[in-house]
1. For the stretch 80-90, indicate whether the set of residues that are within 23 Å of PRO16 (Cα to Cα) and among the hydrophobic types (A, V, I, L, M, F, W, C) is non-empty.
2. Counting only residues that are exposed (fewer than 15 other Cβ atoms within 10 Å of the Cβ) and of a type in the set (Gly, Ala, Ser), which one in the stretch 275-299 is nearest to the chain's Cα centre (by Cα)?
3. What are the pairs, 6+ residues apart or on separate chains, where a residue within the stretch 203-216 that is surrounded by 11 or more Cβ atoms within 10 Å (Cβ to Cβ) has its Cβ under 6 Å from a residue that is not hydrophobic (A, V, I, L, M, F, W, C)?
4. Looking only at the stretch 305-314, how many residues end up being farther than 11 Å from VAL263 by Cβ and either modelled with pLDDT under 80 or outside any helix (DSSP H, G or I) (or both)?
5. Which of the residues that make up the stretch 245-304 are touching a Phe, Trp or Tyr at 6+ places or on another chain (Cβ under 7 Å), modelled with pLDDT of 75 or more and not aliphatic (A, V, I, L, M)?
6. When you check ARG200 against the structure, is it surrounded by fewer than 19 Cβ atoms within 10 Å (Cβ to Cβ), basic (Lys, Arg) and either in the same structural domain as ASP146 (by TED's automatic domain parsing) or out of contact with any helix residue (DSSP H, G or I) (no Cβ under 8 Å at 6 or more places or on another chain) (or both), yes or no?
7. Could you check, for the stretch 173-192, whether at least one of its residues is surrounded by fewer than 16 Cβ atoms within 10 Å (Cβ to Cβ), of a type in the set (Ser, Thr, Tyr) and under 16 Å from GLY245 (Cα atoms)?
8. Looking at the stretch 275-299 only, could you name the residues that are among the hydrophobic types (A, V, I, L, M, F, W, C) and either under 30 Å from VAL260 (Cβ atoms) or in contact (Cβ under 8 Å) with a residue 60 or more places away in the chain (or both)?
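The values are calculated or read from the model by the stated rules, or taken from the named source; none is laboratory data. Please read all numbers here as calculations on a predicted model, not as lab measurements. Note that we place each Cβ from the backbone using ideal geometry, even for glycine, and neighbour counts take in every protein chain shown.
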Amino acid sequence: MITAYIVNNKVLDVVPLTTKDVLPPGTIWIDVYRPDDQERSWLNNMFFEEVPDKEELDDIEASARFYWDKDGLHVHSLFPQRIGRETRGVHVSFTLRDNLLISLREDDIGLVRLLRNYMRHERVEVMDSLDILLEIFNLKVEYLSDLIEDGYQVLEETADKVFEEDEISEMLSQLVEQEEANSQIRLALHDTRRALRFLRRTMRQKLTEDKVRWIDEMLHDVESILPHTQFLFDKINFQLEAAMGFTNLEQNKVIKIFSVAAVVFMPPTLIASIYGMNFHFMPEFNLSYGYPMSIILMICSAVGTYSLFKKKGWL
């Protein structure tokens, strides 16, 4: 799917395109979502020597993510996308040439819909294609900040479940999901910092003072957000260790009960074993009170052992 955005009095008009259409005049942004073979061929003929595929978008090497060539300036950036309780990374390719921004993505990201909504309600003003790219990164930084706030809220909820035995399984599941989300957030923050530094360095002659200030503010926001991800990692690990410690403690209590029971019944078992031996000469066999005596001995030995454990504070 190809969508063109045309600037009109600082507001963008949205125009869906097909491979048979001609690029409308005044277009400053072309958003390409899951292009098919015909759309890729159209892009090759119009803008690219070779349209990047999904494997190229996922490449993490800096030389493959931020570079110049005859097609323009290329920035491949990672965007976290939350679907339900799962957070995964979506790679988006941006190409900036003259006054045209081309974005290519294989997965949907909510920030594009959010930007379109802001445009529809005239909440953002854009003058050129670079404004759109910076606005996307600005929304990305704000979204990452919101995800971190959600992470704090999740960890507050899981903290209340650490010592609730019935909630341990659900809590561990939430912690694992939050650890993965926090990893995606941290990767996206590092990726955003690299992309903004690349734009500031390579386009310093074309950037206005306002744009330079805007990039510096975003870089400052990224630097201020990054320590929170490390704190979240530490808090997740602490809660995981606390939950596992509590689980081990509960298991030790059960094992303790079996251990005490085994020791308590050891003396009665010894007495029963002695009088269960099949020797011919055992004086107690001829006693009329031999059986009650053995029963009393077993009971007394069990009670005595239990009383000793209780007195020592082992129970």
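1. Keep residues of the stretch 80-90 that are within 23 Å of PRO16 (Cα to Cα), which gives 90.
With among the hydrophobic types (A, V, I, L, M, F, W, C) added as a condition, the list becomes 90.
Yes.
2. Step one: of the stretch 275-299, the residues exposed (fewer than 15 other Cβ atoms within 10 Å of the Cβ) are 276-293, 295-296, 299.
Checking the rest, the ones that are also of a type in the set (Gly, Ala, Ser) come to 276, 288, 290.
Details: GLY276: 64, SER288: 76, GLY290: 71 Å.
Looking at the filtered set, the residue picked out is GLY276.
3. ILE215/ARG200
4. Pass one, the stretch 305-314, residues farther than 11 Å from VAL263 by Cβ: 307, 310-313.
Then keep just the ones that are either modelled with pLDDT under 80 or outside any helix (DSSP H, G or I) (or both); that gives 310-313.
Adding up the residues that qualify gives 4.
5. SER294
6. Working: surrounded by fewer than 19 Cβ atoms within 10 Å (Cβ to Cβ): yes; basic (Lys, Arg): yes; either in the same structural domain as ASP146 (by TED's automatic domain parsing) or out of contact with any helix residue (DSSP H, G or I) (no Cβ under 8 Å at 6 or more places or on another chain) (or both): yes.
Here the answer is yes, as ARG200 does meet what is asked.
7. no
8. Let us first name the residues in the stretch 275-299 that are among the hydrophobic types (A, V, I, L, M, F, W, C), namely 277, 279, 281-282, 285, 287, 293, 295-299.
Once the filter is applied, which keeps residues that are among the hydrophobic types (A, V, I, L, M, F, W, C) and either under 30 Å from VAL260 (Cβ atoms) or in contact (Cβ under 8 Å) with a residue 60 or more places away in the chain (or both), the stretch 275-299 yields MET277, MET293, ILE295, ILE296, LEU297, MET298, ILE299.
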